[in-house]
Each structure stands twice: as structure tokens, then as C-alpha cells.
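Reading through the C-alpha cells given below for one structure.
Read the figures in this text as sums done on the coordinates, not as results from a lab. Everything quoted here is computed from the prediction, not taken from an experiment. Neighbour counts are summed over all protein chains in view; Cβ atoms, including those assigned to glycine, are modelled from backbone coordinates with ideal geometry.
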Amino acid sequence: LTPQYTELFDQINRLPGGFAFLVHMRADMLAHIRENRQDTAARAMSDALMKKLETWIIGTLDLKRITWNSPAYTIEKLGQYESVHAVKSWLDVKRRLGNGRRCFGFFHRSVPMEPLVFVWVALTDSITSNVQSILREREPTSPHGEENAECAIFYSINSQLGLSGVDLGNFLIKRVVGVLRAELPNISTFCTLSPLPRFRAWLDQWLTPERLANPPTDMGIPVQAQRDLLSLVPAASTWTAALKHIINSRGWTSDQDNLGAMEPVVRALGAHYLVNVKRGNSSCAYDPVANFHLRNGACLHRLNWRGNASYSGLRQSLELMCNYNYVLDRIEDNNERYLSTMRSVPESCKDRKWLALGKQLAAATDRSFTVMSYNVLCQKLVKRTMFPYASKSSLKWKTRRPRLLDELSHIMPDIMCLQEVYTKNWGDTFNMWFKREGYEAQMFQSVYKSHGVSISWKKHRFQAIDQTCLRMDRTTEVCGESLTTDNIALIVALRFIGVGADGGEAPGVIVSNTHLYWKPSGCYERLQQQILLRRAIKQMHEKYPTFTVISCGDYNTTPDDAGYDLLVKPRPVKLNEVQLENLLPRTLTSNAESDDCSDDDGNDSAPAKPMSYSEVATTGTALETDESKSKRRKLEEEVRKAETTLQHDMERVGRLVDALQSEFPPMRSCYDTYADLDPSYRTEQWAGEPIYTNYSLWKGTLDYIFYSPAGLSTREVLSLPVEEQLKPGIPNDTFASDHVALVARFDLA
């Protein structure tokens with residue numbers, strides 16, 4: 001059930017100033033919850049409003065640089081919302097906006113004067129270790145001028161209180177990195193100078209009576225440092241007791257002896273806190289700032305003793321600060337590595353690795369993204385006779401469901417295309433999982449089937465701006481013929497969020513997902529469906545001509561089929577005789593298969609044998625019996641009909657082939673060189689593509705991620721499981737479907 005207040009939120013948002021009102025209202029909600037932690041109803045309302053705000057923000061944010069010449073109202077809000085390093089005066093703000101400094105913010109189009117989130121940046125010669133050197137510096141930290149600065153230091157990120165929980169800082173940093181690289185090419189290092197806001201509170205809890213009496217020996221603290229600490233507090237019997245006494249005493253930071261003895265101890269404890277202390281039973285860093293930057297792909301660079309020598313720095317983190325370095329060519333790998341530590345790796349993914357398609361990869365950027373195509377096997381189609389090798393439990397949904405979700409959770413692609421999504425399981429499993437994991441999703445199914453296809457995308461990376469639901473059934477025609485199949489496709493146009501030049505249109509991608517006709521003899525029908533799909537994609541592309549195209553799905557087409565060659569090979573495509581024969585409509589094949597050549601009419605006597613053509617040619621037709629003549633003429637008529645039908649069918653095939661070649665440029669398959677990357681997947685049947693993506697009683701390649709090479713390149717593909725894990729077939733106790741997931745990482749040009 002949906003609470004009625006969600007409709008109220010929608011109505012308020014439609015009013016002038018409604019969005020800003022709701023942001024401030026949620027800030028009041030959070031303040032109420034902090035004072036009334038047992039109020040679960042208020043917490044549920046706050047969470048519902050947060051999800052609404054996330055939805056409304058998508059595609060409505062503008063990145064702007066804030067300067068001293070910006071409106072006074074905007075500058076005033078910087079001081080009001082600054083929560084890391086308090087703004088003391090207008091002069092303080094002017095210094096932070098001066099030469100060698102930058103401030104960028106995301107603005108909502110309905111509130112153009114008030115930043116939702118903003119970041120302060122200092123341009124320096126090297127990675128800064130002390131925030132006071134930034135806050136008090138009147139001139140550029142770089143003595144050679146900001147145009148020669150080599151480092152950009154992000155030293156404070158703030159958002160409005162009502163947007164707590166809405167992840168905007170990640171996209172802001174990456175957008176600002178792109179802007180600074182374009183403006184100041186000399187900058188090669190993008191780093192933070194960040195607080196450890198919970199370090200002191202954690203340390204107070206860590207110094208338990210047991211540790212005060214028996215200090216741990218595995219903290220990496222040098223023995224001499226422990227002795228130095230004990231020498232400062234003669235009454236203490238352990239270094240932990242001496243530490244507690246010093247940090248609880250006033251003015252200890254003004255004593256040089258204290259500082260010298262405390263530095264190695266606090267550094268070691270800070271490193272332990274950041275690296276080893278986790279949130280609950282998860283693998284997430286306990287420190288919220290550390291978790292934020294590590295999750296975004298940064299790496300822990302350096303701990304800075306006395307990095308923030310202010311009262312708040314002492315109270316929160318014993319003046320300790322940290323640099324997180326955003327190494328541009330490692331952001332994506334760091335992000336995936338950190339996320340993978342947050343959850344156990346499912347057995348189905350343990351041996352799957354990213355394989356680079358180029359010898360030297362350029363640095364990954366916010367223009368890189370991942371795409372998955374996966375036939376998840378509709379539960380209603382699971383029959384024991386189809387998978388006789390599988391255990392009974394491996395075919396049950398209660399067993400398959402957690403394995404599928406674990407696999408999806410581990411890979412977490414930016415765009416996900418699933419086939420054979422059972423309608424029932426869409427409602428009770430997939431759709432809920434997508435929402436929980438930060439995806440927007442669409443599903444479409446045939447009215448004649450219990451399953452369909454879905455496309456989902458990370459809502460912080462993409463905004464859906466258009467979609468087409470394509471029916472490839474009896475209601476549609478192609479090249480003058482009505483289809484006899486019941487298949488569908490879904491096409492979605494996605495625009496990138498936070499990517500592209502300021503003031504210009506953000507780039508986008510058109511993604512299609514389909515599940516083509518399944519019968520092996522249905523090559524003709526699949527060719528019809530391909531034309532319909534390509535035409536629908538072309539129509540979408542004409543509306544968004546700058547968007548690139550990706551086409552995923554279970555094409556039920558092997559790489560040696562004519563349908564594959566017509567999709568990927570340069571024009572004109574030369575098809576061999578076998579391919580052309582396979583393309584003939586099924587009507588001819590079915591007639592041949594149903595021919596009854598027996599002449600048995602129930603009589604015991606042998607039937608009269610008609611004369612052969614050679615006999616007729618030498619003796620003429622005068623010697624033929626009436627029965628023989630009738631059979632000969634019937635046979636001649638059948639041959640003429642067959643030849644006429646064959647000629648007609650060849651013309652039908654020719655129209656489809658010509659349409660596909662003349663109307664659409666070739667695409668490319670992401671896995672078309674996979675056999676070179678993993679020779680164990682090589683086969684003599686075809687070149688390049690893996691030997692199988694389906695591994696059941698029938699084994700072969702049916703699944704693809706096709707893409708338009710114009711404006712797009714494949715960066716990496718995810719390796720396929722080793723065959724030993726799949727034998728004698730899947731699903732099994734490790735793999736939840738009879739297909740394996742294909743995953744590729746793309747780079748926008």
C-alpha cells in the first residue's frame with residue numbers, strides 16, 4: 001500500500017517553490033527524528049520523501065561555478081550550509097572564492113539561486129596536509145599562479161540538510177574534475193583533505209577498561225612510542241591508560257612533548273580506524289567520509305597529523321585529517337573493488353574477470369559505463385524434462401532467486417537487460433530489488449506469454465527520456481507480410497546525468513532488449529523481427545541523433561547464421577547456400593516433412609509403377625497406363641508448385657535481406673573477439689564469438705550485446721565461466737539460469 005502523504009508530496013512539488021519547501025520540510029523531519037528516535041512513522045515519511053526528492057532531482061540539476069560576483073543570496077547560502085569548516089565572515093567567503101580557489105554547486109532549476117550541494121576547491125602545487133593553510137591563505141597556494149597549479153584539493157563538500165541520504169557529492173566531484181581538467185590542463189592530481197568525524201568518539205568507546213588494563217599488541221604502534229607516552233603520565237601503567245589521560249586533559253596540544261609522543265600513536269590508531277573498523281557486519285568503512293570517497297573510487301593516500309588544528313578538529317578527530325586521491329585511471333576499478341568487499345562473491349562470479357580489448361586502456365572516466373544482457377530463465381518454463389541433469393532443488397525458485405540476486409548484486413552494471421522475466425517474479429522479486437539498489441526499471445511482455453523483457457538503469461547515472469514497446473506479433477507487418485510470431489522488444493532512450501559540456505546537451509544511449517523467436521527452423525521469422533527492431537531503433541535514433549545505440553538480447557541466433565552476418569558484416573553481405581536455405585520460410589520445410597510418399601491404398605496387390613522420365617523420353621507417353629499417366633502428371637504439378645513456391649520464397653527472403661542491408665549500417669558484437677582473449681572458448685564453427693552462452697541439453701551461443709561503433713567503443717568484457725563449472729548443464733547448484741550473463745564496459749567517444 002502507498003501512504004497517502006506521497007500523493008501530497010507530488011501535489012506540493014507541482015506548486016511554485018514546492019520543491020524547496022519539501023527539502024526544508026525534510027530537514028525539519030530529520031531534526032524531529034534525532035530527538036525522537038522511536039518515531040518510526042516519521043522515519044518512514046522521511047524515507048518516502050527522500051526517494052521522491054531523488055526522483056525529482058534526476059535530470060534537473062545544473063552545475064555552476066560560484067564566484068564573488070554571484071548573487072549575494074547565493075553567497076549567503078554558502079555560509080549557511082557550510083558544515084565542515086564554518087564561515088566566519090563575508091571576508092572569509094571572499095577569500096575562499098578568490099584567486100587560486102574554486103566553488104562549484106548543483107542547482108535545481110526550480111531554485112536557481114540556492115545550491116543543493118557545493119564543493120570548495122583549492123588549487124595548489126602539491127597535496128595539502130593542513131586545512132588552515134588553505135582557509136587562511138590570502139593568495140594562491142601555487143606561487144606560480146593558478147594556471148600552473150598541479151593539484152586540485154577538495155576540502156569541503158556540503159549539501160542542504162533536507163537532502164541527507166541523497167547521493168549528490170559523488171556526481172558533483174566527478175563533474176568538477178571534468179571542468180577543471182578542461183580549464184587547467186596542468187592539474188594532474190585530484191585529492192581531498194577530509195576529516196575523520198567519528199574518530200574521537202570511536203576511540204573513546206575503544207578505550208574500554210579491558211584495553212586500559214591490557215593494551216592490544218597488534219595495532220602497529222612502535223614500542224618506543226608506547227614508552228614515550230608512558231613517560232608523560234607516570235601514574236599510568238599502560239600506554240592506553242596514558243593515551244586516555246592525555247586526550248581528556250585540557251591544553252595537551254600546546255605541549256610539544258605531548259605532540260611528539262602522541263603523533264605515532266594517533267597515526268597508527270587512525271590508520272586502524274579507517275582500514276579495519278567496519279559498519280556493523282558489513283565491509284563498509286565505519287567512518288562516513290571514508291565510506292563516501294572509497295565507494296566513489298578514491299584511494300586512501302595519507303594521514304595528516306594536526307591536519308585541522310581547530311577546536312572542531314580536536315573534538316572530532318584529535319586534529320587528524322586524511323587525503324583521498326582520485327586517481328582517474330583507477331576510479332572504476334577502485335569502485336568495483338570496494339563494492340565487491342561489501343558483499344561476498346557468489347560462486348558463479350568467482351572466476352569471472354574483466355578482459356581488456358585493447359593493449360593500453362585510457363583512463364576510465366564518467367563517460368565509461370557497463371551493460372549486462374542476461375536471460376534469467378522464466379520459472380514457469382522450468383520443466384524437469386528440459387533439465388534432466390539438474391538437481392531438484394536447483395530448479396526451484398526459492399533456490400534460484402537468491403543466486404540470481406547475488407549475481408546481479410555482485411556485478412551491478414549501470415544498465416541491465418534481462419530476458420524471460422516471469423511476470424510474477426517481476427512483482428515479488430526483480431522490481432523491488434531494482435528499487436532497493438538504486439535502479440529505475442521498465443518491463444514489457446507479450447500478451448500471449450507469461451514472461452517479458454526488462455531494462456533497468458542506475459538512476460544516478462541516467463535519466464529515461466523516451467521509450468518504445470515493440471510488438472512483433474500478428475498485429476505487425478514487415479515487407480508486406482504479417483508476422484506469425486509472438487515476440488516483443490523494449491527500447492529506452494537514456495540521457496547521462498552529469499556528463500557533457502556545460503550548457504550543451506548531455507550525451508545519451510539508446511538501449512534495446514529483445515528475445516527473438518526460439519525455434520531453430522525460424523530463421524526467416526527472426527529476420528523479420530530483426531528488421532522490425534532495427535526500424536524501431538532507427539525511429540528513436542532520428543529523434544535523438546547524437547545518442548549511441550546498444551542492442552541486447554537473446555537473439556536465438558548462432559554466429560554462423562545468416563541473421564548474425566546481416567547484423568554485423570560490412571555491406572554487401574554474401575550469404576552461402578546453407579544460410580540461404582535456412583532462411584527459407586518454415587512453410588516449405590513443414591510441407592516437406594509432412595509428405596506421405598506411401599502409395600498403399602489398402603489393396604494387397606502391388607500398385608502400378610509409373611514410368612520414369614527417361615522411359616517417357618525414349619518411348620513416348622503412348623505406352624503409359626492411365627494410372628501411370630495420372631501419377632506422372634500429379635508429380636509434375638507438384639514439382640511445378642514446389643519450384644514456384646521456392647522462387648516465391650526466395651523473393652521473400654531477398655526482400656528481407658535487401659531491406660536489412662540497405663536500411664541499416666552494420667553493428668558490432670562486444671564479444672566478437674572473445675575467442676582470442678580466451679582460447680578455451682574457440683570453435684571451428686565460427687570465428688571470434690564464444691562457443692556458448694547457453695549450456696543445457698543444447699549448447700551454443702545465442703546471446704549478444706550489439707552496439708553501433710559510431711561514438712562508442714568496447715573497453716572490456718567480463719570473462720565467461722570455465723566449462724568445467726557448467727558441465728553437464730545449467731542451471732545447477734551454482735548457476736541459476738541455463739544462460740550466462742554477458743557484461744561489457746563501454747567508453748563514449
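Given a Förster radius of 45 Å and the C-beta distance between Thr644 and Thr673 as r, what FRET efficiency does 1/(1 + (r/R0)^6) yield to the nearest 0.05? Display every interim value, and only then the final one.
Working: r = 44 Å, r/R0 = 0.98.
It comes to 0.50.
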* To do: Could you pull out every one of the lysines with an alpha carbon less than 24 Å from that of Lys629, ignoring same-chain neighbours closer than 8 positions?
  => Lys609, Lys641
* Asked: Which ³J(HN,Hα) values, rounded to whole Hz and listed in residue order, are derived for the stretch 193-200 from phi using the Karplus coefficients 6.51, -1.76 and 1.60 in 6.51 cos²θ - 1.76 cosθ + 1.60 with θ = phi - 60°, glycine and proline given as x?
  -> 10, 10, x, 10, x, 10, 5, 5
* To do: Determine by what factor the alpha-carbon radius of gyration of the chain differs from 2.2 N^0.38 Å, reporting the quotient.
  => 1.24
* To do: Could you check what % of the DSSP bridge pairs in the chain are antiparallel, to the nearest 5?
  => 85 percent
* Asked: Between the stretch 684-705 and the stretch 540-585, what is the C-alpha centre distance in whole Å?
  -> 16 Å
* To do: Taking the chain as the reference, fit the longest principal axis to its C-alpha atoms, fit the long axis of helix 331-341 to the helix C-alpha atoms, and give the angle between the two in degrees, 0 to 90, nearest 10.
  => 90 degrees
* Asked: What order, most packed first, do the peptides 25-35, 512-522 have when packing is the mean number of other Cβ atoms within 10 Å of each residue?
  -> 512-522, 25-35
* Near the amide H of Leu712, under 5 Å away, which other amide H atoms are found, from residues 5 or more places off or on another chain, if H is placed in the peptide plane? -> Ala749
* **Tyr448-Glu7 pseudo-label distance in nm [points 7 Å out on the Cα-to-Cβ vector]** => 3.9 nm
* Structure fact -> Phi angles of the stretch 203-216, converted by Karplus (6.51 cos²θ - 1.76 cosθ + 1.60, θ = phi - 60°) into ³J(HN,Hα) in whole Hz with x for Gly and Pro, give 4, 4, 6, 5, 7, 6, x, 5, 6, 5, 8, 10, x, x
* To do: List every residue whose amide H lies under 5 Å from the amide H of Val549, counting only residues 5 or more places away in sequence or on a different chain, with H placed 1.01 Å from N in the peptide plane.
  => Ile510, Ser708
* To do: Straight distance only, please: which lysines reach the Cα of Lys435 with their own Cα at less than 18 Å, same-chain residues fewer than 8 apart left out?
  => Lys51, Lys52, Lys424, Lys458, Lys459
* Determine, for each peptide in 393-401, 665-673, 46-54, the mean count of other beta carbons within 10 angstrom over its residues, then list the peptides with the highest first. => 665-673, 46-54, 393-401
* If you look at just the Cα atoms of the stretch 706-749, how large are its Rg and its Dmax in Å? -> 14.5, 42
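Compute the normalised compactness of the stretch 242-329: alpha-carbon radius of gyration over 2.2 N^0.38 Å, N being the residue count.
Working: Rg = 14.4 Å, N = 88, 2.2 N^0.38 = 12.1 Å.
It is 1.19.
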* Roughly what angle does helix 40-57 make with the longest principal axis of the chain, taking Cα atoms, 0 to 90 degrees, to the nearest 10? -> 70 degrees
* Asked: Listed highest first by mean packing, meaning other Cβ atoms within 10 Å per residue, what order do 151-163, 298-310 come in?
  -> 151-163, 298-310
* Structure fact -> Under the 7 Å Cα-to-Cβ spin-label approximation, Glu577 and Arg367 lie apart by a distance in nanometres of 4.9 nm
* Mind giving me the nanometre distance, one decimal, between the label points for Leu15 and Ser521, set 7 Å out from Cα along Cα→Cβ? => 6.7 nm
* Structure fact -> Quick calc, Arg211 & Asp466: beta-carbon distance into FRET formula, R0 51 Å, rounding 0.05, result 0.25
* Report the FRET efficiency, 1/(1 + (r/R0)^6), for Lys88 and Lys543, where r is their Cβ-Cβ distance and R0 is 51 Å, rounded to 0.05. => 0.45
* **Rounded to the nearest 20 debye, dipole of the stretch 651-749 from Cβ charges on Lys, Arg, Asp, Glu** => 140 debye
* Convex hull (Cα only) mean projected area of the stretch 526-565, reported in nm² to one decimal -> 3.1 nm²
* Asked: Thinking of the stretch 400-551 as a set of Cα atoms, what percent of all their pairs are more than 29 Å apart?
  -> 23 percent
